[in-house]
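Beneath this line is the structure, given in structure tokens, with notes to follow.
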Amino acid sequence: MHLDVNDYQYISEEELASSAKAGDSKAANELVSRLYLLVSFAADRYSALGIEKADLVQEGMLAVLNAIRSYKPEANAKFKTYANTCVYNHYNSLARKVSQKKQIPQDKITVIHYFIQDQAPNPEESVIEKERLEEITAALRARLSDFEYEVLNKYLSGYSAAEIAEIFGITVKRVSNALYRIRQKFHFILK
């Protein structure tokens, strides 16, 4: 189900998740931008791990993207609740790894800039977050090659690296390299 771009702000998270899972990248963008603050707040709770907050937020965004891919509306759970659980499970997994003195390789830390929100933000926060998201998106688009931009769009739409490689008729290694460059460029923008 593809929606009119003006309608996204009025659609429930559950409907957005279904549309995003079906390949609607605008629905995915709307959904994860709504969830920004929840990930940010969750990252604050795990700040004692010794991982920078920006990296924790990026890890939380990976959990949100995975939640979109695995969400099952027929389970009658609210998407925000499901995504929140996925984020905390991911952070708990990170905490176990850190407590075992295992380092997370830099290339395994995902740098996606969307966030989760538990409560509706006040209008001022909404405007500020939307402007920040637009600035980051524009800066990222300016730094990405056309190929990297297409790979990112497919990845955010829920395609795996293997699926993206098949779509473009290239190797999985080339897709992985593109995703690594995207993460590096995004990390540079956040500094």
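The values are calculated or read from the model by the stated rules, or taken from the named source; none is laboratory data. Computed from a predicted model, the values in this text were never measured in an experiment. Note that we place each Cβ from the backbone using ideal geometry, even for glycine, and neighbour counts take in every protein chain shown. The accessibility values were calculated without ligands, DNA or RNA, using every heavy atom of the protein model including side chains. Shrake-Rupley method; radii C 1.70, N 1.55, O 1.52, S 1.80 Å.
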With Asp7, Asp44 as the choices, which residue is farther than 21 Å from Glu134 by Cβ and either outside any loop (DSSP other than H, G, I, E, B) or among the hydroxyl-bearing types (Ser, Thr, Tyr) (or both)? Asp44
Mind listing whichever residues of the stretch 135-161 are in contact (Cβ under 8 Å) with a residue 12 or more places away in the chain and either closer than 16 Å to Gly23 by Cα or polar (S, T, N, Q) (or both)? Thr137, Glu150, Val151, Leu152, Asn153, Lys154, Tyr155, Leu156, Ser157, Gly158, Ala161
Which of the residues that make up the stretch 64-86 are more than 23 Å from Gly23 (Cβ to Cβ) and not hydroxyl-bearing (Ser, Thr, Tyr)? Asn76, Asn84
Output the qualifying pairs, or none if there are none: Cβ atoms under 8 angstrom, residues six or more apart or on different chains, first residue in the stretch 168-181 and among the small types (Gly, Ala, Ser), second residue surrounded by 14 or more Cβ atoms within 10 Å (Cβ to Cβ). Ser176/Ala161; Ala178/Phe147; Ala178/Glu148; Ala178/Val151
Filter the stretch 34-88 down to residues that are among the aromatic types (Phe, Trp, Tyr) and open to solvent by 20 Å² or more (accessible area, probe 1.4 Å) and give me whichever is farthest from the chain's Cα centre (by Cα). Tyr46
Tell me which of these Phe186 doesn't satisfy, since it passes every other one: (1) within 19 Å of Ile68 (Cα to Cα); (2) in contact (Cβ under 8 Å) with a residue 40 or more places away in the chain. (1)
Expected single match for part of a helix (DSSP H, G or I), closer than 17 Å to Leu31 by Cβ and modelled with pLDDT under 80 among Glu129, Glu124 is Glu129
Which of (1) loosely packed, with under 13 Cβ neighbours inside 10 Å; (2) modelled with pLDDT of 85 or more is the odd one out, the single condition Ser99 does not satisfy? (2)
Flagged pairs (Cβ under 9 angstrom, 6 or more apart or on separate chains; first in the stretch 30-52, without any contact (Cβ under 8 Å) to a residue 12 or more places away in the chain; second open to solvent by less than 10 Å² (accessible area, probe 1.4 Å) and part of a helix (DSSP H, G or I)) are Asp44/Leu56; Ser47/Leu56
Any residue at all in the stretch 69-76 that's closer than 30 Å to Arg181 by Cβ, assigned to a helix (DSSP H, G or I) and at pLDDT 80 or above? yes
Being of a type in the set (Lys, Arg) and either in contact with a strand residue (DSSP E or B) (Cβ under 9 Å, 6 or more places away or on another chain) or assigned to a helix (DSSP H, G or I) (or both) is the filter here, so list the residues in the stretch 169-191 that pass it. Lys173, Arg174, Arg181, Arg183, Lys185
Note down all Cβ pairs under 8 Å where the first residue falls in the stretch 12-26 and is at positive phi, the second is assigned to a loop (DSSP other than H, G, I, E, B) and of a type in the set (S, T, N, Q), and they're at least six residues apart or on different chains. Gly23/Ser157
When you go through Glu150, Glu166 one by one, which is the residue that is surrounded by 15 or more Cβ atoms within 10 Å (Cβ to Cβ), over 15 Å from the mean Cα position of the chain (by Cα) and in a helix (DSSP H, G or I)? Glu150
